[in-house]
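This report refers to the structure that appears directly beneath it.
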Amino acid sequence: MGFLDAIRGRKAPTRPHLDALFALPSAAITLDVDLGLTSTGVGSVCFRSPEGRAFSDLETQVRELLDADGGPSVEANGDEFGFDWLTVRTEPADLATAVTDIHAVNTSLVQAGFGPQLLCSVFPFTDQVGNTVSLVYLYKRGTFYPFAPRVRGQDKSRNNVLELQVRDKLAGELAVEEDTTRWFALWDAPGVG
């Protein structure tokens, strides 16, 4: 960022701290003990695919890397807004493996120069009575936020009380997004709700 940018009030964008994802397994212990939420063993990364062969080749290499060890299943799909999702599902549910694999995807994209296309990563949790909450990592902000959907038929709402409970429990363990207007609803994200 240059001198003129500082005078004009422009801020340098927050660089994603990809290693922040490795704090999730210890945060999961807090969620389990305090709120009865356990990981579903699913992790997803959302990005906007640029056009071109370079990205297509990278996506193929990432999928081969994740599939090579016979580990978790990997699926790719798109959403209605034109974003791509790469989802890892572990059996039995293993958050540490899902985090490691999603981190590998993120790192591969960043090292290949596609870091600006990264949007978020999502890790869902559930409890005994059917409540779900996902921890969402925003790359451009370097922060996490909880998303707790309630879907009943066509009706969609959010469990704001649960979201605030999760925020309060994890405030000391994760960089939690303070601006709740940035807590976007991810209704159709893979593994959510």
Notebook entry, point to check: Scanning for something over 18 Å from residue 19 (Cα atoms), assigned to a loop (DSSP other than H, G, I, E, B) and modelled with pLDDT of 90 or more, does segment 163-173 turn up at least one residue?
Noted result: no
Check: Taking strands (runs of 3 or more DSSP E) that fall entirely within segment 46-147, which contain at least 2 residues that are charged (D, E, K, R) and either surrounded by fewer than 16 Cβ atoms within 10 Å (Cβ to Cβ) or modelled with pLDDT of 80 or more (or both)?
Finding: 84-89
Margin query: Just to check your reading of the model, which residue among 81, 125, 144, 114 is within 18 Å of residue 47 (Cβ to Cβ) and under 13 Å from the mean Cα position of the chain (by Cα)?
Written below: 144
Next item on the list: Look through 148, 96, 171, 112 and report the one residue that is on the phi < 0 side of the Ramachandran plot, out of contact with any helix residue (DSSP H, G or I) (no Cβ under 6 Å at 6 or more places or on another chain) and not charged (D, E, K, R).
Entry: 171
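The values are calculated or read from the model by the stated rules, or taken from the named source; none is laboratory data. These numbers come from a predicted model, not from an experiment. Cβ: placed from backbone, ideal geometry, glycine included. Neighbour counts: every protein chain shown.
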